[in-house]
Amino acid sequence: MKLIDVHVHIQQHEPSELGGILERAATADVGAVIASGVTVEDSEKCIDLSRRHEMVLAGVGVHPTDLTGPLTDDDLDQLEQMASDESVVAMSEIGIDHQEHVLSRESSSGRPWSEIQEEAFRQQIEIARRQRLPIVFHVREPGDDPDAESAWPAALRVLDETRAGELGGAAHYFQGNESAAKSLLDAGFMVSFGRPLIRFKRLQEIARWLPSDRIVIETDSYPQPFKKNRAKWTEPRHLADVAACLAEVRGVSVDEIAEQTSENALSMLRDAGGRVRGLLEA
Ligand SMILES: [Zn+2]
């Protein structure tokens, strides 16, 4: 079975780059990617890309660090409209981000950013519920400290209060600690690993004991002009490296990892899973 990259932002690349990126992904055995929006406009780009490329599925949402204030009624209407589009398979990217530079920005609404983020997270979970979509969410602690106990408790509280586990979904680019991983399982979510799995032993420890039916993989690819060598930019083709690392950590074959993580993603996508299956089995 082919791999599915459950979280990318390739809609942000120059349009002229996309053909090459998708071709290289296909060569690395990636059958589908979920392009995730971070603003209303960016979400529109995801839908547009999905309509033009069969292997691209769309996610829509406003990222916690891209909020410019509370979501407006107009934002919410547009998100709801987009979420109902047949190319859209997930509410993504939404979530909670407690990095210091994000929470310390000036807030024109006079309300603390942590509160604005929680409200937007809840509102977008509600859209996902109405549109029968899973959620793929971001949680980032201040200083990327896995034990900061700031963003994770907030995110888990919102997920619990909104009963978001009923929608299913995944914690994307997981970098939390063991207790966060356990809470995700209890709440009914998948854990999504990106390239940090290859670097961090502590993530490998978690990846070793997670149930096989609760892991998905991703690259979170986006344009990285800060890396001077273009060949070093993360692309969906690097999903193969994440799969290889996971196979080694869990002591199984890469084929088995491909089968498990793709089946997990298909079950997470629920209604859309049927049509996505064709892309992964082809
Ligand atoms: Zn992302």
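Dimensions of the chain from C-alpha coordinates, computed as largest minus smallest value along each principal axis and given longest first, are 51, 41, 40 Å. Each principal axis of the Cα cloud of the range 144-282 was taken in turn, and the coordinate range along them, longest first, works out to 42, 37, 31 Å.
Using Cβ point charges alone (K and R +1, D and E -1), the dipole size of the range 15-71 about the Cα centre works out to roughly 80 debye. Its DSSP H runs of at least 4 residues, each contributing -39,500 (n - 2.57), put the calculated 222 nm mean residue ellipticity of the chain at -13500 deg cm²/dmol, to the nearest 500.
Among K228, K182, K2, a tally of other beta-carbon atoms within 10 Å of each Cβ gives an order, fewest to most, of K228, K182, K2. In this Cβ point-charge picture (+1 for Lys and Arg, -1 for Asp and Glu), the range 38-127 has a dipole of about 200 debye about its Cα centre. Entry note: the range 48-187 has Rg to Rh equal to 0.97, where both radii use alpha-carbon atoms and Rh is the Kirkwood radius. In this structure the amide hydrogen of A90, modeled in the peptide plane, comes within under 5 Å of the amide hydrogens of V60, none closer than 5 places in sequence on its chain. Quick note on the range 70-125: its Rg to Rh ratio, both from C-alpha atoms and Rh being the Kirkwood radius, is 1.03.
Straightening the chain between S179 and R130 buys 14.6 nm, computed as 0.36 nm per residue apart minus the Cα-Cα spacing.
Compactness ratio for the range 22-114: Cα radius of gyration over 2.2 N^0.38 Å (N = residue count) comes to 1.25. Work out the charge dipole of the chain with +1 on the Cβ of Lys and Arg and -1 on the Cβ of Asp and Glu about the Cα centre, then indicate which of W113, S92, V242 is farthest towards its positive end. Toward the positive end, the furthest listed residue is V242. Taking every full run of DSSP H in the chain, none both stretches at least 24 Å from end to end by Cα along its long axis and averages 1.6 or higher on the Kyte-Doolittle scale.
Using Cβ point charges alone (K and R +1, D and E -1), the dipole size of the chain about the Cα centre works out to roughly 760 debye.
For S114, S104, S262, the sequence from fewest to most other C-beta atoms within 10 Å is S104, S114, S262.
Across the options P146, A207, F226, the greatest Cα extent toward the positive end of the charge dipole of the chain (unit charges at beta carbon of Lys, Arg, Asp, Glu) belongs to A207.
When the Gaussian network model of the chain links Cα atoms closer than 10 Å, the mean-square fluctuations of P153, P225, P196 top out at P225. Look at the dipole of the chain built from charges on Cβ: of S50, A128, A164, the Cα furthest out on the positive end belongs to S50. Neighbour counts of C-beta atoms inside 10 Å place H101, H7, H13 in the sequence H101, H13, H7, starting with the fewest.
Where a number appears in this text, it was derived from the coordinates with a stated rule and is not lab data. Since the structure is predicted, the reported quantities are computational estimates derived from the model, not experimental observations. No Cβ is skipped: glycine too gets one built from the backbone with ideal geometry, and neighbour counts run over all protein chains shown.
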